[in-house]
Structures are given as C-alpha cells and as structure tokens.
Amino acid sequence: MLRQILSKLPRKSSKTDSAECARHESPITQQRSNGSTAGLGKSSSGPKRTSVVFPASVVAGIEPLVPFKDVPNAEKMNLFVSKVSLCCVTFDFSDPSKNTLEKDVKRQTLLELVDFVASGSMRFSEPAILAMCRMCAVNLFRVLPPYYRSNSSSAGENDDNDDPMFDPAWPHLQIVYDLLLRFINSTCLDAKVAKKYIDHSFILRLLDLFDTEDPRERDCLKTILHRSYGKFMVHRPFIRKSLSNIFYRFVFETEKHNGIAELLEIFGSIISGFALPLKEEHKIFLWRVLIPLHKPKSVGVYFQQLSYCVIQFIEKEPRLASVVIKGILKYWPITNSQKEVMFLGELEEILEAISMMEFQKVMVPLFWRIGCCINSFHFQVAERALFLWNNDQIVNLIAHNRLVILPIIFPALEKNAHNHWNPGVLNLSLNIRRMFSEMDDALYLDCLDQLKEDEEKLTLLAEQRKEAWQRLEYAASLKPMTENTAVLVTPLTTSIAC
C-alpha cells in the first residue's frame, strides 16, 4: 500500500535528492552504484526496484522499504545498507507542510534501523559501517545558524530570560543520535574496522556540534562522545587534545561556547579513569585549562562541572591541592560577588581533602583573602566565608596553625564585630571570635593588644599626615604669587542665587 502511494508522488524531487546525496557518497558507495551488485545477494539478480524518496543509484539493489523480517539473514546486512542509504536524503524541517510523506517514510526507516541495531543479531560489515557513518555525517554535521551562536553562554546568569533556540528538525535528529549511540555501543561493531570511519575528522565535527544552543542535542552528543572515548582507545589522546583546544579558545579568545559544561562533564569521567601516578600531560591540563577556566564571566554556567574536575585531580594526587588554591587565588573575582560565593564553596571542598603540609604552603595568602571576604559589604560573601568555621576539618587545620592564621584573620573579625551592617554576619563574627578565645586565650589577647597598637600607629600617622598638609598650606599662603607660580586651591562653599 505504501509503495503504491509513493509511486504516485512526483519524481522531480528525487532528482534533487539524488544530486544532494551523491555529493556525500564515498568511493566504495559509488563503485557499488556504478558497478555490479553481484555481492549483494540473490535479490540483485532480479529486476531492480527503486524508491521515489531515494534515488536508485544508492539503493544497493534492494528495496529499502522491505522489513528486515521479510528477508533472509544473508540479505539483512545488504538491506541495512540500503535503508541507511535511504536515510541520507535530507529535508527542510522549517516548513512542516513540505515533504510530509517522505519525512514520515524516513522516520519509520530510522526507527526500524534503531530496532535492528539494538537487536544485535549480526556483525556489521565494513560497507555497513561506512554507510552508517556517512548517513550520520549527512544528517548531523551542519553549520549552526547564526542565531545559535549568540552571547547567551558568555553572559552567564544575566541571560536567564533568554530561551535557547531549538532546531525544528530535532524530532528527526534525535532518532539519528539514538541510532548512532546504539551503533557505537553495539557488541556487533568491530572497533578496529570502525575507527577508520569514526576518525579524527568525524570526532572534530561532533565536537563542533557542542556549540548548539539546544541542551537536548548537547546531552546526546555528550553521551555519544563519552562512549566513543571508551570504545576507540586509539582516539583517546586526540579527543583529550581536541577538548583542550576548545577550552583554550574559550578562555583566551572568545569566552563564548554553549557546551563547556557538557565537555567538562565528559572530562570529569575521563579524569576518574586516570592511572597513578598522573602523567605530566594531565597535570598540564589542570594548570593550563581547568584553573584558567575560573576566569570567564560565565563560569557560573559550568562551575559545578569544573569544580568536580578539580576535586577529581586532588583526590588522585593530593599534592596538587596547594597548586589549585594558588590558581584560584590568582583568578579571584574582585567585583563579582556571586563568583566569590562560588569560589568560597570550592575552597571548602578543597580544604576538606588537603593535607597539613600542603595547607601550610598556602595558608597565609589564603586567609588573607578569606579575611577580605569576611569584611565584604555583600552579606552573602561575608556569610559564606564565615561558614567555613562550621567545617570540622577546616577548624582542625586552623587550630593546628592558629599562631599564623589568627593574627591574619583577627582584624577582620574585630571590624565585623563592631561595624558590619548585617546582624547575621555580626553574630557569626562574634561566635568565631569567641571560638578563638576559647581555643587559645593568651594568643587571642596578644592579637587584641597588637590590633590596638596598630590602630594607634595608624591614627598617629593620619595626624602626622594632616599636620604636614597644614604646614604646606600655610607656607604656600605666605609666598607671594607670581605669574608662573602654582596656586594651591582650597575648596570653597559658594551659593548661587537663581
């Protein structure tokens, strides 16, 4: 019945589709279409039937609309190639009323291919692998429209009201992605043969698609790339290098990319599989990629995945904790309060895993920065910094190094206890000050005396500076003014009548 309906369709569109698909044909496919079909089974000896939807030159000698259950096992792989070739035809999905019947035929064929691949009934031949990779390339690899590459990723939380742009062809693309994922996961796929077609070029074009604004497509790409990394060991160094290049371009050039979070999520699972001791290549990735990724304004979009990768490195090699903390302090935000809150949260996770030796390497600059955060006028920053003392592991580190840490942090606590506008921050500061007093009362009193002495010195310096300026003003007022003499102007309060 379906063939009768298709036979009544105008054949003019098939020529266009034939020309379009011919551009994507490989030499092996062209040889099959131009030469003989002797190796395609018994059906090739009979009259060659064609499809209106797909040109006859790539049907591989078998009617692609025939169900798999209606052909013998010897012909199923040829039928698979025929159906995959049928799906190389692309349509315009921006107009739902255009080519509706052809789109439905292609969709049903794709679903049938998904079921066949999932069944794992027979091993894929090399022509089948080639046809499958070519079909995925034709359908998936495309230039993203200009509106896909907006500034939504770089603006971070400021673009929460901007809806992502969805590809109208997604219902069709989703099936292709599902088919590719099942194909890569299939036990019937020989990785040694498939690596020739799922090659570096194929992987690079997959990575390019991560810049799509559609989160559904990025999620599919994430799963496929992760499975590819696990399946094709020969491509692992190249995938890691390509991911690094994307991160480099994002951090040091554009700061615009929609898929950084998904790519970091993939790398997080890769890091968990690193062998010990860590290779120098992996440490360089931490220093040159992960730490600089704290710099962009849009860090909030991917901060959770970034923090996970950093913690994974520290768990693998605890000696890297001090290096990471120094890097975070280097890129510490000065005017972005939300980033400060996120950085403080990451510091807490790192301090939970840090060793005493590594902590002592960075405790001076670290608590100088924490002191600045405690005095922040943004109550969330100050509150988050003070919450560090709720962590028993951090309190233990501070207690063992209180002779160094308390003199650094004490002025900030005293300033908050007397002047901070937020009552919550003020109460937390008083509690921590009381904790230090109970921990080491003698040290607490010494710090208090030192603070009073420093304040007296500052007051004295301020008075001396004020007196010096007064003497200069008085000396200038006594000197007669000439034509080229500089004049000391004092501010005057004037009123102008309107």
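The values are calculated or read from the model by the stated rules, or taken from the named source; none is laboratory data. All of these numbers come straight from a predicted model, not from anything done at the bench. Positions of Cβ are generated from backbone atoms using ideal geometry, with glycine treated the same way; all protein chains shown enter the neighbour counts. Keep in mind that these areas ignore ligands, DNA and RNA; they rest on the heavy atoms of the full protein, side chains included. Shrake-Rupley method; radii C 1.70, N 1.55, O 1.52, S 1.80 Å.
Segment residue 216..residue 252, full-extension length gain: 10.2 nm, with 0.36 nm per residue of separation and the alpha-carbon distance subtracted.
For the pair residue 70 and residue 431 in one chain, pulling the backbone fully straight at 0.36 nm per residue adds 122.1 nm over the alpha carbon distance. Near the amide H of residue 195, within less than 5 Å, lie no amide hydrogens of residues on another chain or at least 5 residues away, with H placed in the peptide plane.
With the highest mean first, a sort of the peptides 198-204, 309-315 on other beta-carbon atoms found within 10 angstrom per residue produces 309-315, 198-204.
Of 389, 421, 287, the residue with the largest accessible area leads and the full order is 421, 287, 389 (1.4 Å probe). The label-point distance for residue 462 and residue 404, in a model that sets each label 7 Å from Cα toward Cβ, rounds to 3.2 nm.
Here the simple spin-label model places points 7 Å from the Cα toward Cβ, and for residue 317 and residue 208 these points are separated by 3.5 nm. Once both labels are positioned 7 Å from their Cα atoms along Cα-to-Cβ, the gap between residue 364 and residue 440 label points is 1.6 nm.
With a cut-off of 12 Å between beta carbons, the residues surrounding residue 278 carry a summed charge of 0, where Lys and Arg count +1 and Asp and Glu -1.
Residue separation times 0.36 nm, minus the C-alpha to C-alpha distance between residue 418 and residue 166: what's the value?
85.3 nm
Cross-link reach is defined here as a Cα-Cα straight distance under 16 Å, omitting same-chain residues fewer than 8 places apart; for residue 415 the aspartates and glutamates meeting it are 383, 449, 453, 454, 455, 456.
Taking a straight Cα-Cα cut-off under 12 Å and skipping sequence neighbours fewer than 8 places away in the same chain, no aspartates and glutamates fall within cross-link reach of residue 361.
Listed by chain and number, the aspartates and glutamates placed with their C-alpha closer than 13 angstrom to that of residue 330 are 340; residues fewer than eight positions away on the same chain are left out.
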